[in-house]
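J.: Handing you a structure now.
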Amino acid sequence: MSSDALLMNVFCYPKVTKCKELSFLLGSDIGDTPDFGFRPRVPLKTKAIERTEVDMKLGNMLFEAKLTEGDFQLQEAELVEQYCGLKEVFECRKLPRQGKKYISYQLLRNVLAAYALDMNFCVLLDARRPDLLEDWYRIMRCVRPATLRIRCKVLTWQELASCLPVGLQQYLDVKYGIVAAA
(Lines give C-alpha, C1' and ligand atoms only; values in the text may rest on other atoms or scores of the structure.)
Protein backbone atom coordinates (compact mmCIF):
# COMPACT_ATOMS: atom_id res chain seq x y z
CA MET A 1 0.00 0.00 0.00
CA SER A 2 3.00 2.35 -0.17
CA SER A 3 3.17 5.21 -2.63
CA ASP A 4 6.41 3.80 -4.08
CA ALA A 5 4.69 0.47 -4.78
CA LEU A 6 1.75 2.29 -6.36
CA LEU A 7 4.10 4.34 -8.54
CA MET A 8 5.85 1.17 -9.71
CA ASN A 9 2.56 -0.67 -10.27
CA VAL A 10 1.43 2.13 -12.57
CA PHE A 11 4.61 2.99 -14.45
CA CYS A 12 5.91 -0.58 -14.83
CA TYR A 13 2.63 -1.75 -16.33
CA PRO A 14 3.27 -3.01 -19.88
CA LYS A 15 3.31 -0.21 -22.46
CA VAL A 16 1.79 2.37 -20.10
CA THR A 17 4.43 5.00 -20.94
CA LYS A 18 3.55 4.56 -24.62
CA CYS A 19 0.00 5.78 -24.00
CA LYS A 20 -0.51 9.12 -25.79
CA GLU A 21 -3.16 10.40 -23.36
CA LEU A 22 -0.96 9.69 -20.33
CA SER A 23 2.10 11.28 -21.95
CA PHE A 24 0.04 14.36 -22.78
CA LEU A 25 -1.28 14.60 -19.21
CA LEU A 26 2.20 14.26 -17.72
CA GLY A 27 4.01 16.37 -20.29
CA SER A 28 6.36 13.49 -21.07
CA ASP A 29 7.42 11.97 -24.35
CA ILE A 30 5.81 8.75 -25.49
CA GLY A 31 7.96 5.84 -24.38
CA ASP A 32 10.00 7.67 -21.70
CA THR A 33 11.50 5.17 -19.27
CA PRO A 34 10.79 5.69 -15.54
CA ASP A 35 13.78 6.06 -13.23
CA PHE A 36 12.67 5.14 -9.68
CA GLY A 37 14.64 6.48 -6.73
CA PHE A 38 16.31 9.13 -8.87
CA ARG A 39 19.08 11.07 -7.11
CA PRO A 40 19.00 14.68 -8.30
CA ARG A 41 22.27 15.60 -6.53
CA VAL A 42 21.19 19.13 -5.59
CA PRO A 43 24.14 21.30 -4.53
CA LEU A 44 24.42 22.64 -1.00
CA LYS A 45 26.17 25.82 0.18
CA THR A 46 28.85 23.65 1.81
CA LYS A 47 29.84 22.42 -1.70
CA ALA A 48 28.47 19.01 -0.72
CA ILE A 49 25.75 17.30 -2.75
CA GLU A 50 22.35 16.48 -1.26
CA ARG A 51 21.88 12.70 -1.48
CA THR A 52 18.19 12.00 -0.96
CA GLU A 53 15.98 10.52 -3.66
CA VAL A 54 13.07 11.76 -5.71
CA ASP A 55 10.42 9.05 -6.09
CA MET A 56 10.65 8.96 -9.89
CA LYS A 57 12.05 10.76 -12.90
CA LEU A 58 10.21 10.37 -16.20
CA GLY A 59 11.69 12.32 -19.08
CA ASN A 60 12.03 15.91 -17.90
CA MET A 61 9.65 15.47 -14.92
CA LEU A 62 10.46 14.66 -11.30
CA PHE A 63 7.69 13.03 -9.23
CA GLU A 64 6.87 12.88 -5.54
CA ALA A 65 4.15 10.30 -4.85
CA LYS A 66 1.91 10.17 -1.77
CA LEU A 67 -0.77 7.70 -0.81
CA THR A 68 -0.93 6.65 2.84
CA GLU A 69 1.86 8.82 4.27
CA GLY A 70 0.76 11.43 6.78
CA ASP A 71 2.64 14.43 5.42
CA PHE A 72 5.63 15.69 3.44
CA GLN A 73 7.94 15.54 6.48
CA LEU A 74 9.44 18.15 8.77
CA GLN A 75 13.09 19.15 8.53
CA GLU A 76 15.41 21.26 10.66
CA ALA A 77 15.87 24.81 9.37
CA GLU A 78 19.66 24.40 9.50
CA LEU A 79 19.53 21.63 6.91
CA VAL A 80 16.97 23.27 4.60
CA GLU A 81 18.86 26.56 4.65
CA GLN A 82 21.96 24.80 3.28
CA TYR A 83 20.37 24.35 -0.16
CA CYS A 84 21.80 26.54 -2.91
CA GLY A 85 19.04 28.56 -4.51
CA LEU A 86 16.68 28.48 -1.52
CA LYS A 87 16.33 32.27 -1.38
CA GLU A 88 16.06 32.59 -5.17
CA VAL A 89 13.34 29.95 -5.34
CA PHE A 90 11.23 30.69 -2.25
CA GLU A 91 9.89 33.60 -0.25
CA CYS A 92 11.52 32.03 2.80
CA ARG A 93 9.72 34.20 5.36
CA LYS A 94 6.40 32.83 4.10
CA LEU A 95 7.33 29.14 4.08
CA PRO A 96 5.33 27.12 6.61
CA ARG A 97 7.20 26.20 9.78
CA GLN A 98 6.67 24.39 13.00
CA GLY A 99 9.04 25.88 15.52
CA LYS A 100 12.54 25.69 14.02
CA LYS A 101 11.53 23.14 11.41
CA TYR A 102 10.24 23.62 7.89
CA ILE A 103 6.97 21.88 7.03
CA SER A 104 6.69 19.88 3.77
CA TYR A 105 10.43 19.35 3.37
CA GLN A 106 9.98 16.80 0.56
CA LEU A 107 8.15 19.38 -1.53
CA LEU A 108 10.78 22.03 -0.81
CA ARG A 109 13.69 19.82 -1.82
CA ASN A 110 11.91 18.53 -4.94
CA VAL A 111 11.05 22.03 -6.16
CA LEU A 112 14.69 22.97 -5.50
CA ALA A 113 15.80 19.90 -7.49
CA ALA A 114 13.56 20.90 -10.41
CA TYR A 115 15.06 24.40 -10.27
CA ALA A 116 18.68 23.18 -10.08
CA LEU A 117 18.23 20.66 -12.92
CA ASP A 118 15.95 22.89 -15.05
CA MET A 119 13.29 20.19 -14.94
CA ASN A 120 9.57 19.99 -14.20
CA PHE A 121 8.05 18.66 -10.98
CA CYS A 122 4.77 16.87 -10.27
CA VAL A 123 3.35 15.72 -6.97
CA LEU A 124 0.92 12.78 -7.19
CA LEU A 125 -1.71 12.76 -4.43
CA ASP A 126 -4.79 10.81 -3.50
CA ALA A 127 -7.89 12.95 -4.09
CA ARG A 128 -9.18 11.65 -0.75
CA ARG A 129 -6.37 13.60 0.99
CA PRO A 130 -7.24 17.30 0.65
CA ASP A 131 -4.82 18.04 3.50
CA LEU A 132 -1.88 17.06 1.27
CA LEU A 133 -3.23 19.24 -1.52
CA GLU A 134 -3.36 22.18 0.89
CA ASP A 135 0.24 21.47 1.93
CA TRP A 136 1.20 21.66 -1.77
CA TYR A 137 -0.50 25.04 -2.21
CA ARG A 138 1.17 26.42 0.93
CA ILE A 139 4.55 25.70 -0.68
CA MET A 140 3.60 26.84 -4.19
CA ARG A 141 2.45 30.22 -2.85
CA CYS A 142 6.06 30.81 -1.81
CA VAL A 143 7.73 29.98 -5.14
CA ARG A 144 9.22 33.19 -6.52
CA PRO A 145 10.06 32.55 -10.21
CA ALA A 146 6.91 32.38 -12.34
CA THR A 147 8.75 30.15 -14.82
CA LEU A 148 9.32 27.60 -12.05
CA ARG A 149 5.70 27.78 -10.83
CA ILE A 150 4.60 26.94 -14.37
CA ARG A 151 6.88 23.88 -14.39
CA CYS A 152 5.37 22.51 -11.15
CA LYS A 153 2.04 20.72 -10.99
CA VAL A 154 -0.14 18.48 -8.92
CA LEU A 155 -2.17 15.51 -10.13
CA THR A 156 -4.34 13.09 -8.24
CA TRP A 157 -4.03 9.36 -8.67
CA GLN A 158 -7.68 9.45 -9.71
CA GLU A 159 -6.93 11.90 -12.56
CA LEU A 160 -3.97 9.79 -13.62
CA ALA A 161 -6.08 6.61 -13.52
CA SER A 162 -8.45 8.03 -16.12
CA CYS A 163 -5.61 7.81 -18.69
CA LEU A 164 -4.57 4.25 -17.86
CA PRO A 165 -5.51 0.96 -19.53
CA VAL A 166 -8.75 -0.60 -18.26
CA GLY A 167 -7.00 -3.59 -16.68
CA LEU A 168 -4.74 -1.29 -14.67
CA GLN A 169 -7.70 0.87 -13.66
CA GLN A 170 -9.46 -2.22 -12.31
CA TYR A 171 -6.36 -3.26 -10.38
CA LEU A 172 -6.01 0.23 -8.83
CA ASP A 173 -9.66 0.13 -7.77
CA VAL A 174 -9.35 -3.31 -6.12
CA LYS A 175 -5.89 -2.84 -4.56
CA TYR A 176 -5.93 0.86 -3.60
CA GLY A 177 -9.54 2.03 -3.89
CA ILE A 178 -8.46 4.47 -6.61
CA VAL A 179 -11.22 5.04 -9.14
CA ALA A 180 -10.64 7.06 -12.29
CA ALA A 181 -11.97 10.62 -12.13
CA ALA A 182 -15.02 11.22 -14.31
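The values are calculated or read from the model by the stated rules, or taken from the named source; none is laboratory data. As the structure is a computational prediction, the values presented were derived from the model and not from experiment. As a convention, Cβ positions derive from the backbone with ideal geometry for all residues, glycine included, and neighbour counts pool all protein chains shown. Side chains included, ligands, DNA and RNA excluded: accessible areas come from the protein's heavy atoms. Shrake-Rupley method; radii C 1.70, N 1.55, O 1.52, S 1.80 Å.
J.: Quick test for you: out of Gly99, Gly70, Gly27, pick the one residue that is among the small types (Gly, Ala, Ser), at positive phi and within 17 Å of the chain's Cα centre (by Cα). So that I can check it myself, show each step before the final result.
T.: Values: Gly99 fails: within 17 Å of the chain's Cα centre (by Cα); Gly70 fails: at positive phi.
Criteria check complete, one pass: Gly27.
J.: OK, next. Being modelled with pLDDT under 95, more than 26 Å from Lys47 (Cβ to Cβ), open to solvent by 10 Å² or more (accessible area, probe 1.4 Å) and more than 14 Å from the chain's Cα centre (by Cα): is that true of Arg141 here? Give the derivation first.
T.: On the way: modelled with pLDDT under 95: no; more than 26 Å from Lys47 (Cβ to Cβ): yes; open to solvent by 10 Å² or more (accessible area, probe 1.4 Å): yes; more than 14 Å from the chain's Cα centre (by Cα): yes.
Answer is no for this residue.
J.: Please find, within the range 116-132, the residue that is nearest to Pro34 (Cα to Cα) out of those that are surrounded by 18 or more Cβ atoms within 10 Å (Cβ to Cβ) and touching a Ser or Thr at 6+ places or on another chain (Cβ under 7 Å).
T.: The extreme case among them is Leu125.
J.: Filter the range 147-159 for residues that are open to solvent by 50 Å² or more (accessible area, probe 1.4 Å) and part of a helix (DSSP H, G or I) and give the result.
T.: Within the range 147-159, Thr147, Arg149, Ile150, Glu159 meet the criteria.
J.: Same structure again: What pairs come up if the first residue lies in the range 118-145 and is within 18 Å of Glu159 (Cα to Cα) and assigned to a strand (DSSP E or B), the second is among the polar types (S, T, N, Q) and open to solvent by 20 Å² or more (accessible area, probe 1.4 Å), and their beta carbons are under 9 Å apart, counting only those six or more places apart or on different chains?
T.: Filtered contacts from the range 118-145: Leu124/Thr156; Leu125/Thr156.
J.: Could you please give the count of residues in the range 74-93 that are of a type in the set (D, E, K, R) and over 17 Å from Leu148 (Cβ atoms)?
T.: As a first pass, look at the range 74-93 and keep what is of a type in the set (D, E, K, R): 76, 78, 81, 87-88, 91, 93.
Right, trim to over 17 Å from Leu148 (Cβ atoms) and you get 76, 78, 81, 93.
Going through the range 74-93 one residue at a time, the tally reaches 4.
J.: Right, next: Residues in the range 160-182 that are of a type outside the set (Phe, Trp, Tyr) and assigned to a helix (DSSP H, G or I): how many?
T.: Of all residues in the range 160-182, those of a type outside the set (Phe, Trp, Tyr) come to 160-170, 172-175, 177-182.
From what's left, assigned to a helix (DSSP H, G or I): 160-161, 166-170, 172-175.
Total satisfying the criteria: 11.
Every residue, every condition in (1) farther than 30 Å from Leu168 by Cα; (2) modelled with pLDDT under 95; (3) in contact with a helix residue (DSSP H, G or I) (Cβ under 8 Å, 6 or more places away or on another chain), yes or no:
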residue: Val10; (1), (2), (3): no, no, yes
residue: Lys15; (1), (2), (3): no, yes, no
residue: Pro43; (1), (2), (3): yes, yes, yes
residue: Met56; (1), (2), (3): no, no, yes
residue: Glu69; (1), (2), (3): no, yes, yes
residue: Cys84; (1), (2), (3): yes, yes, yes
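J.: Within the range 160-182, restricting attention to residues that are surrounded by 12 or more Cβ atoms within 10 Å (Cβ to Cβ) and of a type in the set (Val, Ile, Thr), which residue is farthest from the chain's Cα centre (by Cα)?
T.: Checking each candidate, the answer is Val179.
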